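See below for the structure under consideration.
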Amino acid sequence: MRLKLLLTFCVPLLGFCVLTACNSQKSIDQSPTAALSGPPAAPIDPATVASVSGTVHFDGTAPEAVPIDMSNDPACKGDNKAETVVVNGGKLANVFVYVKDGLGTFPAPANAVVIDQTGCRYRPHVAGVMVGQKLDIRNDDPTEHNVHAIGMQNAQWNESQMPKAAPIEKSFDHPEIMLPIKCNQHPWMKMYVNVVANPFYAVTDANGKFEIAGLPPGDYTIAFVQEKMGEQDQKITLGAKDKKTLDISYKAQ
Amino acid sequence: MAARGRKPSFEELALKSLSTPYNAPHHRFAVLIACITFCLLVAGALVTSNDAGLSVPDWPTSFGSLYKIPRWVGGVRYEHSHRMVAEFVGFLTIVLAVWTWRADKRRWMKWLGVAALGTVIAQGVLGGLTVLFYLPPAISSAHAAVGQTFFCIACAIALFTGRRWVEEVPQTAMDTQRPTLITLTLLSIFVLYVQLLLGAMFRHHGMSWWPHVLNAPIVAIVLTWTAIRAMTQYSKIEAVRRPAILMLGLLITQLCLGFLAFTTRVAWGKDAVQPEAAMIASTVAHVAVGALLLAATVILAIQVWRHVPVAREEKVTSTEPKAVAA
């Protein structure tokens, strides 16, 4: 009888623990960060550098931008369309493009990447930053925000920022793609920072265009990452002074 | 009184509740705490549903202050109001524990008041930890479960201090069936806790939705079985019949709300850029009715323990001489 009771109560509990453990393992594996770290890159000869540029297309009917309800804070005024998938004439904006494979690691530049909070939105919506590079987060809104970085490979942090307060200065220790930064006071406010080990990255503009210049000749994997539709990889070989075009398409889901 | 060294009978145990006089202000205060705790659970559900858990990034202070009220906008209004109601409930629980210790003559009630205080302190610490560690699913789910446990304790104290419990001689009926009704009620509480944890883990992004949804039919079967047994076998005992009817009604409501919450949050709202009114309303209602269901089940278990004692089979030893081989 006691054994039966023990089994009745312990088996579901054990199952719950196993499910939880499996799920937490899954959440770690879900991080899209690839093996971005590597040996230091060889010096680049400016006379031989190549570039790759192109356009990211969107095939199919573009989803309508969802309106955002900003009524929970009267200080929030401005563009209120969601930026999850931004398509202009069949071209996809806000796709992060970077050299995923084929380069070593580079030292972080001295300049800071700036993110501004204005109209209760993050500007830009997608940004790139190198490992160790400074990230300045400003608040130009007449209301306070909290800035919450939800890193999987990097430490999480969450800080409040009053209107016109000094910028929050942060940096990231590990490469991580599509690291979300959000504001819990204004739940529609979300952006993505991409932490990379080299300076060869770009974000597609409103016309879906990108350009990565100054690359040394070599074989590379170029990754395109969109926050909702995921990652696509392309192999490319660049010779000295090459200017190659690389266009890709995301299909409507 | 039971004689020293003799096990007290069930009737004597039940009559022990007569050892304290009915204290109307004490009982009303306990009821008030249970009601405010329910409001606190709703406030907590609003925090999670509005994704506002980290809108105040520090704890135990709020934006660096223990007493200043921050600007009441965005997620802050949910998170800070939850903290304020929680502090109020904490204060009321201290008063209740002291009052119970001094006014109630029942030893176990004194300790129940202390247990309520310990639970509310643990709950506060869990709430703080979940902010400081950025809402880890395990801690946030524990916060949800302990919150509902405190609500059940508050309801139980309100029951134990009530006039009926204190003054009436309980009407009893022996339980001869197997599994016993008390076993079924305890099993109901257990499956509800499992369901609560599964739901909380899903809400706090620690688990997919399907374990919670798959467990729902198990909860429905166990609770329906328990309620029907209580209503059919012990319909004459009002203290058992009423919570059983309430439990069944809440179960049906909860299943409907669960379906609604699933539809609005999982099916329609998976690509939502912010929490939408329909998903907030359905999930908050689902949490609130879930808490009421758990409390109703705990009350049913307590009433079954009091009114439906288990009939024990007595082993009769044979006195006939055994045949001995020559």
request  = For residue B:247, state whether it is surrounded by fewer than 17 Cβ atoms within 10 Å (Cβ to Cβ) and in contact with a Leu (Cβ under 8 Å, 6 or more places away or on another chain).
outcome  = no
ask   = Taking residue A:220, is it surrounded by 12 or more Cβ atoms within 10 Å (Cβ to Cβ), among the aromatic types (Phe, Trp, Tyr), touching a Leu at 6+ places or on another chain (Cβ under 9 Å) and closer than 16 Å to residue A:44 by Cβ?
value = yes
query = Are there any pairs with C-beta distances below 8 angstrom linking a residue in region B:69-87 that is within 20 Å of residue B:276 (Cβ to Cβ) to a residue that is β-branched (Val, Ile, Thr) and part of a helix (DSSP H, G or I), with the two at least 6 apart or on different chains, and if so which?
reply = B:75/B:47; B:78/B:47; B:79/B:47
key: Filter result (within 17 Å of residue A:144 (Cβ to Cβ) and surrounded by 16 or more Cβ atoms within 10 Å (Cβ to Cβ)) within region A:53-74   = A:70, A:72, A:73
query = Which of (1) within 14 Å of another protein chain (Cβ to nearest Cβ); (2) within 15 Å of the chain's Cα centre (by Cα); (3) of a type in the set (Val, Ile, Thr) is the odd one out, the single condition residue B:130 does not satisfy?
reply = (2)
note = Checked B:247, B:207 against criteria (under 20 Å from residue B:148 (Cβ atoms) and assigned to a loop (DSSP other than H, G, I, E, B)); the one match is B:207
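Among the listed residues B:76, B:47, B:42, identify the single one that is of a type in the set (Val, Ile, Thr), more than 14 Å from chain A (Cβ to nearest Cβ), under 27 Å from residue B:272 (Cα atoms) and in a helix (DSSP H, G or I). Spell out the reasoning first.
Values: B:76 fails: more than 14 Å from chain A (Cβ to nearest Cβ); B:47 fails: more than 14 Å from chain A (Cβ to nearest Cβ).
The unique qualifying residue is B:42.
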key: Cβ-Cβ under 9 Å pairs, at least 6 apart or on other chains, region A:54-70 side among the polar types (S, T, N, Q), far side in a strand (DSSP E or B)   = A:55/A:91; A:55/A:92; A:55/A:209; A:55/A:210; A:55/A:245; A:55/A:248
ask   = In region B:2-17, which residue that is exposed (fewer than 13 other Cβ atoms within 10 Å of the Cβ) and either on the phi < 0 side of the Ramachandran plot or assigned to a helix (DSSP H, G or I) (or both) is modelled with the highest pLDDT?
value = B:9
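Going through A:167, A:142, A:163, A:180 one at a time, which residue ends up being under 12 Å from the mean Cα position of the chain (by Cα) and within 30 Å of residue A:73 (Cα to Cα)?
Values: A:167 fails: under 12 Å from the mean Cα position of the chain (by Cα); A:142 fails: under 12 Å from the mean Cα position of the chain (by Cα); A:163 fails: under 12 Å from the mean Cα position of the chain (by Cα).
Only one candidate passes the filter, namely A:180.
I'd like the full set of residues that are within 12 Å of chain B (Cβ to nearest Cβ) and out of contact with any Pro (no Cβ under 8 Å at 6 or more places or on another chain), limited to region A:65-79.
So in region A:65-79, the residues within 12 Å of chain B (Cβ to nearest Cβ) come out as A:65-76.
Result: A:65, A:66, A:67, A:68, A:69, A:70, A:71, A:72, A:73, A:74, A:76.
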request  = Scan region A:136-148 and give yes if some residue there is in contact with a strand residue (DSSP E or B) (Cβ under 6 Å, 6 or more places away or on another chain), assigned to a strand (DSSP E or B) and more than 14 Å from chain B (Cβ to nearest Cβ), otherwise no.
outcome  = yes
ask   = Consider residue B:214 against the criteria (1) within 17 Å of the chain's Cα centre (by Cα); (2) without any contact (Cβ under 8 Å) to a residue 60 or more places away in the chain; (3) within 14 Å of another protein chain (Cβ to nearest Cβ): it satisfies all of them except one. Which criterion is unmet?
value = (1)
query = Taking region B:262-280 on its own, how many of its residues are in contact (Cβ under 8 Å) with a residue 12 or more places away in the chain and either closer than 19 Å to residue A:70 by Cβ or not hydroxyl-bearing (Ser, Thr, Tyr) (or both)?
reply = 9
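Results for (1) within 22 Å of residue A:252 (Cα to Cα); (2) in contact with a Gly (Cβ under 8 Å, 6 or more places away or on another chain); (3) aliphatic (A, V, I, L, M), shown as yes or no for each residue.
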position	(1), (2), (3)
A:50	no, yes, yes
A:54	yes, no, no
A:64	yes, no, no
A:83	yes, no, no
A:129	no, no, yes
task = Identify all residues within region A:160-195 that are within 14 Å of chain B (Cβ to nearest Cβ) and either polar (S, T, N, Q) or free of Cβ contacts under 8 Å to residues at least 12 places away in the same chain (or both); write none if there are none.
result = A:160, A:161, A:184, A:185, A:187
Pick from region B:66-76, criterion under 16 Å from residue A:188 (Cβ atoms) and not hydrophobic (A, V, I, L, M, F, W, C), ranking: nearest to the chain's Cα centre (by Cα) = B:75
message = Could you go through region B:172-183 and let me know if any residue there is within 14 Å of chain A (Cβ to nearest Cβ) and in a helix (DSSP H, G or I).
response = yes
query = Looking only at residues in region B:172-181 that are out of contact with any Asp or Glu (no Cβ under 8 Å at 6 or more places or on another chain) and not charged (D, E, K, R), which one is surrounded by the most Cβ atoms within 10 Å (Cβ to Cβ)?
reply = B:180
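Based on what the data block shows, is residue B:168 surrounded by fewer than 15 Cβ atoms within 10 Å (Cβ to Cβ), under 30 Å from residue A:150 (Cβ atoms) and charged (D, E, K, R)? Outline the logic, then answer.
Working: surrounded by fewer than 15 Cβ atoms within 10 Å (Cβ to Cβ): yes; under 30 Å from residue A:150 (Cβ atoms): no; charged (D, E, K, R): yes.
Taking the combined requirement at face value, the residue does not satisfy it.
Take the conditions within 13 Å of chain B (Cβ to nearest Cβ), touching a strand residue (DSSP E or B) at 6+ places or on another chain (Cβ under 9 Å) and either buried (at least 17 other Cβ atoms within 10 Å of the Cβ) or not basic (Lys, Arg) (or both) and apply them to residue A:82. Does it pass? Outline the logic, then answer.
On the way: within 13 Å of chain B (Cβ to nearest Cβ): yes; touching a strand residue (DSSP E or B) at 6+ places or on another chain (Cβ under 9 Å): yes; either buried (at least 17 other Cβ atoms within 10 Å of the Cβ) or not basic (Lys, Arg) (or both): yes.
Considered against the rule, which asks whether it is within 13 Å of chain B (Cβ to nearest Cβ), touching a strand residue (DSSP E or B) at 6+ places or on another chain (Cβ under 9 Å) and either buried (at least 17 other Cβ atoms within 10 Å of the Cβ) or not basic (Lys, Arg) (or both), residue A:82 comes out as yes.
The values are calculated or read from the model by the stated rules, or taken from the named source; none is laboratory data. All values reported here derive from a predicted model rather than from experimental measurement. Every residue, glycine as well, gets a Cβ built from its backbone with ideal geometry; the counts of neighbours run over all protein chains shown.
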